[in-house]
Each structure stands twice: as structure tokens, then as C-alpha cells.
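Right, one structure below, let's go through it.
The values are calculated or read from the model by the stated rules, or taken from the named source; none is laboratory data. Remember, it's a predicted structure, so these values are computed and weren't measured experimentally. Cβ placement follows ideal geometry from the backbone for every residue including glycine, while neighbour counts extend to all protein chains displayed. Keep in mind that these areas ignore ligands, DNA and RNA; they rest on the heavy atoms of the full protein, side chains included. Shrake-Rupley method; radii C 1.70, N 1.55, O 1.52, S 1.80 Å.
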Amino acid sequence: MKLKRMFLATTAALGLATASHAVDLEVTHWWTSGGEAAAVAEFAKAFNEGTDHNWVDGAIAGGGGTARPIMISRIIGGDPMGATQFNHGRQTEELIEAGLMLDLTDVAEAEGWADIVNPSSLLASCTVDGKVFCVPVNIHSWQWLWLSNKAFADAGLDVPSNWDEYVAAMPALAEAGKVPLALGGQAWQANGAFSVMAVALAGEDNWLKVNSEKDASVAAGPAYTKVFEAAAAAREFSKDTNVLDWNLATAKVINGEAGGQIMGDWAQGEFAVAGQVAGEDYTCLPGLGVTEVISTGGDAFYFPKNDDAEVEAAQKELASLMMSKAVQVAFNLKKGSLPVRGDVDLTAANDCMKKGLDILAQGNILISGDQVLSADTTGQIDDLMTEFWSTDLSAADAQARYADIIASAD
């Protein structure tokens with residue numbers, strides 16, 4: 001009832017008419033793994049219990065690459081859902097420009113989002129021409145290497161503390177029958193793994209020059225040659241993963257079948273569902289143990305425009321709820337991500353989440369690729385990385401093609 005009173009008060013403060021009857025609000029997202037499902041259930045529970053409305057779950061299996069085109073097609077085609085997940089950044093530029101997304105500025109200003117969202121770049125990525133069009137719900141960083149303590153023990157090896165030690169251990173892991181590096185077969189996973197390696201091995205400044213400034217000379221230069229050569233060596237140790245989905249690759253780490261996986265912090269949700277303990281069953285190395293940095297990507301919810309005033313009121317109640325302290329904590333503890341609010345109590349966080357919080361507190365943050373690269377450019381890189389990680393395409397040829405993509409990036 002406390003949540004319900006809070007949302008009614010917020011609605012009144014915004015001058016909105018309270019819905020006269022319950023609204024069935026369809027929410028689309030691509031959270032279908034065990035950890036993801038547990039996390040999104042916290043949103044649904046809070047919405048169902050804290051308002052008069054009903055969360056209608058619209059999960060789409062297959063990850064963002066599969067889900068986003070479906071979501072966009074529905075919105076453009078006149079069959080909008082009540083709310084939908086995207087990554088905050090440039091994925092929704094054209095939808096916003098076409099006037100298809102609900103303006104949430106009144107909610108954001110009434111609740112002081114500008115004062116509580118940390119880092120501020122998350123809210124900036126939801127803002128177009130001074131208007132807020134989404135609610136960021138978490139900070140998801142790609143910059144993690146997850147290691148199976150069991151796999152290394154089975155191989156008679158110490159758990160590595162950095163990328164070089166991990167690479168040195170890969171032959172012994174293979175000899176012990178382990179997959180040294182688990183990598184699922186979807187394009188975004190290949191691109192993500194490469195980007196994490198680029199940040200760690202080429203350095204943050206060079207990564208920013210390539211991704212933010214679109215400097216093709218750096219992409220074609222020696223710093224990125226080092227990255228492509230390292231990735232070419234690593235792909236030999238990932239080729240026996242033989243799974244498509246990221247969470248199945250994570251399961252290999254959890255079960256001790258694989259030595260490690262480069263994956264975002266959403267992997268923590270899978271370890272949690274499996275009952276594993278950070279520091280005991282698995283080890284996490286931010287920035288591959290080379291450079292401790294958190295990339296400030298993540299998930300956000302957008303609300304397609306609807307001509308029903310009661311639906312719009314329900315949409316704004318959900319937006320408000322997602323930013324509330326209690327829901328931020330409940331959701332992010334299950335998701336493995338960091339909250340976007342800097343004023344919440346996370347004493348229940350595990351060791352890996354605490355590492356992330358400490359890095360965030362130190363200000364060691366890096367903008368996410370989603371925030372600086374267009375969907376078209378990202379798609380081109382995805383295609384190249386899929387080919388590179390799954391074939392014998394040489395490091396030199398892949399780098400030349402990559403530099404060409406960056407040269408024409410928008």
C-alpha cells in the first residue's frame with residue numbers, strides 16, 4: 001500500500017487524472033534467462049502490488065538482436081506495447097524523431113531524476129532536445145571476465161588474476177578437457193568480447209578515439225593490431241563452446257566445463273540462480289584484470305505513445321516505480337547490475353557487485369558503445385565480428401575492414 005500511495009501522490013503532483021480502472025499494460029523485453037527472468041519479475045511484482053494495474057509480460061526470446069526489430073516493427077506499424085526495453089543510447093533515435101515515444105519529462109522533473117541518476121550520462125542518453133524519453137533502470141557494464149574456480153582447480157591451476165595469466169593458462173585448460181574461453185554464437189557476444197579486449201589491451205583513450213571520435217587511423221593502427229592479434233589467438237580456444245545463447249555459455253563456466261567468459265555483469269544473475277558464491281565458486285575480473293573500469297551502458301524502458309489517457313497514466317506510474325529506491329534495489333540485486341540511483345542501500349551486494357560499486361565510486365567509468373555508435377554501425381561491426389570469431393579471417397584483414405567501418409560511421 002505504501003508504493004500505491006506514493007504513485008498516487010506522484011500522479012497528483014503531475015496533474016494527471018488517475019485511471020478509473022485497471023490497465024493491462026503489455027511490457028516487452030528480451031530477459032528470458034534464469035537470472036533475467038528473476039529480475040524482471042521484481043518489476044512485475046512491484047507494478048501489480050503497488051498500483052491498480054496489471055503487468056502483461058511480453059518476453060521475446062533470442063536476445064536484443066532478435067527482439068529489437070520486432071519491437072520497432074510493432075511501434076512503427078501502429079501496434080504499440082505499453083512499455084518496452086531498449087538500451088539507453090542511440091537505438092531509439094528514429095522512433096523519437098518520428099514522435100512515437102512518450103515524453104516523460106514531467107515525471108523526471110517532478111521526481112528530480114537529474115539529481116539522483118548517477119552517472120548523469122545515463123539520463124543524458126534518455127534525453128533528446130531537452131526532453132526525457134526513457135527511464136534508465138540499471139548500469140550494465142560489459143567490462144568483466146568471469147572465471148570458474150572449479151575448472152582451474154580441475155586443471156591443477158591457480159585462478160588467474162589478469163588477462164595475461166588467463167591466456168597463459170588456456171593450453172592447460174584445453175589439455176584438461178575444458179573450453180578455455182566460452183563464447184556463444186550470437187553476433188553481439190562476439191562484438192562485446194572484442195570491445196572489452198579493446199578497452200583493456202588498446203587502452204581507454206584509444207577505445208574512445210575509435211568509438212566516440214570515429215578515428216579510423218587509430219582503428220587501423222598498432223594499438224588495435226594488438227587487439228586483433230590477441231582476439232585471433234583467443235578464438236582458437238573458444239571454438240569448442242558449441243552453444244548459441246550467452247547464458248548457456250555462462251552455464252559452462254558455472255558447471256566447470258569452461259575456464260572463463262567475457263560477458264557483462266548480467267552474468268551474475270545466472271551465478272546467483274545457480275547458488276554460486278562470488279570469490280568461492282567463481283572469480284570476477286573487471287577490465288580483464290588489466291584496467292578496472294565500468295562501462296555505463298545498461299537497460300532503459302521507453303513508453304510508446306498511446307491515445308488512451310488511462311494507459312498513459314499507467315505508463316507514467318510504471319516509469320516512476322522503476323526509479324523508486326525499493327524497486328531499484330530489488331531489481332538490480334537479482335539482475336547483477338548496478339542501480340542508477342546513487343542513494344540506495346546495497347549492503348546485500350555480493351563481492352563482485354561491490355567491486356563494481358567501488359569502481360563507480362572512484363569515477364572510473366567509460367561510456368558504452370550503445371551511447372556513441374548508431375544501430376547501423378553496430379550492426380556492421382556485429383557482422384564483421386561474427387565472421388572473425390567463427391572463421392579463419394586473418395587479424396590483418398579483419399582490422400582493415402573494421403577501420404573502414406569506423407571511417408564511415410555516423
| field | Value of Rg to Rh for segment 293-335 (Rh from inverse mean 1/r over Cα pairs, i.e. Kirkwood) | value | 1.09
| field | Surface/4 of the Cα convex hull for segment 333-391, nm² | value | 6.1 nm²
| Tell me, what is the FRET efficiency for S212 and I76 to the nearest 0.05, using R0 = 35 angstrom and their Cβ-Cβ distance as r? | 0.75
| said: Using a Debye calculation, one point per C-alpha and no hydration shell, please list log10 I(q)/I(0) for segment 104-218 at q = 0.18 Å⁻¹ in order. | reply: -1.01
| task | Within segment 265-349, list the GluC sites (Glu not before Pro) lying in a DSSP loop whose Cβ has at most 11 other Cβ atoms in a 10 Å radius. | result | E280
| query | Given H placed 1.01 Å from N in the peptide plane, which residues other than close sequence neighbours of I139 have an amide H under 5 Å from its amide H? | reply | L338, V340
| task | Work out from phi, with θ = phi - 60° and the Karplus expression 6.51 cos²θ - 1.76 cosθ + 1.60, the ³J(HN,Hα) of each residue of segment 145-151, listed in order in whole Hz, and give x for Gly and Pro. | result | 10, 9, 10, 8, 4, 5, 4
| query | Quick one: Kirkwood hydrodynamic radius for segment 182-230, alpha-carbon pairs, angstrom, one decimal? | reply | 11.0 Å
| message | Considering just Cα atoms, how many Å³ per residue does the convex hull of segment 20-114 enclose? | response | 135 Å³
| task | Run through all the Cα pairs of segment 29-187 and give the fraction in each 5 Å bin from 0, expressed as whole percent. | result | 1, 7, 12, 14, 15, 14, 10, 8, 7, 6, 4, 1
| Can you give me the relative contact order of the chain as a percent, contacts being Cα pairs under 8 Å and 6 or more apart? | 27 percent
| request: Please work out, to two decimal places, the log10 of the ratio I(q)/I(0) at q = 0.15, 0.17, 0.23, 0.25 Å⁻¹ from a Debye calculation in which every Cα of segment 108-174 carries one identical scatterer. | output: -0.60, -0.64, -0.95, -1.07
| said: Give me the one-decimal Kirkwood hydrodynamic radius in Å for segment 211-273, with the sum taken over alpha-carbon pairs. | reply: 14.0 Å
| Backbone N within segment 178-213 under 17 Å of label point (7 Å from D376 Cα along the Cβ vector) | none
| note | On the accessible surface of segment 355-399, probed at 1.4 Å with all protein chains in place, carbon and sulfur together account for a percent value of 49 percent
| task | Can you sort V27, V167, V273 by 1.4 Å-probe accessible area, starting with the largest? | result | V273, V167, V27
| So what is Rg over Rh here for the chain, counting just Cα atoms and using Kirkwood for Rh? | 0.98
| Based on the Cα coordinates of segment 222-352, what is the per residue volume of their convex hull in Å³? | 170 Å³
| query | Within segment 192-348, what is the number of lysine pairs with alpha carbons under 22 Å apart, leaving out pairs fewer than eight places apart on the same chain? | reply | 10
| task | Excluding M81 itself, calculate the net charge of residues whose Cβ lies under 12 Å from the Cβ of M81, where each Lys or Arg counts +1 and each Asp or Glu counts -1. | result | -2
| query | Hey, what's the per residue convex hull volume over the C-alpha atoms of segment 165-265, in cubic angstrom? | reply | 100 Å³
| request: Determine the gain in length on full extension of the stretch E236-D343; use 0.36 nm per residue of separation and subtract their C-alpha separation, reporting nm with one decimal. | output: 34.1 nm
| remark: With R₀ set to 35 angstrom, the calculated FRET efficiency between the beta-carbons of E93 and A153, to the nearest 0.05, is 0.15
| Given H53, F228, T127, which one lies farthest toward the positive end of the charge dipole of the chain, if we put +1 on the Cβ of every Lys and Arg and -1 on the Cβ of every Asp and Glu? | H53
| query | To the nearest 500 deg cm²/dmol, what mean residue ellipticity at 222 nm is calculated for the chain from DSSP H runs of n ≥ 4 alone, each contributing -39,500 (n - 2.57), summed and divided by the residues? | reply | -15000 deg cm²/dmol
| Descending principal axes extents, segment 270-410, alpha-carbon based, whole Å | 51, 51, 31
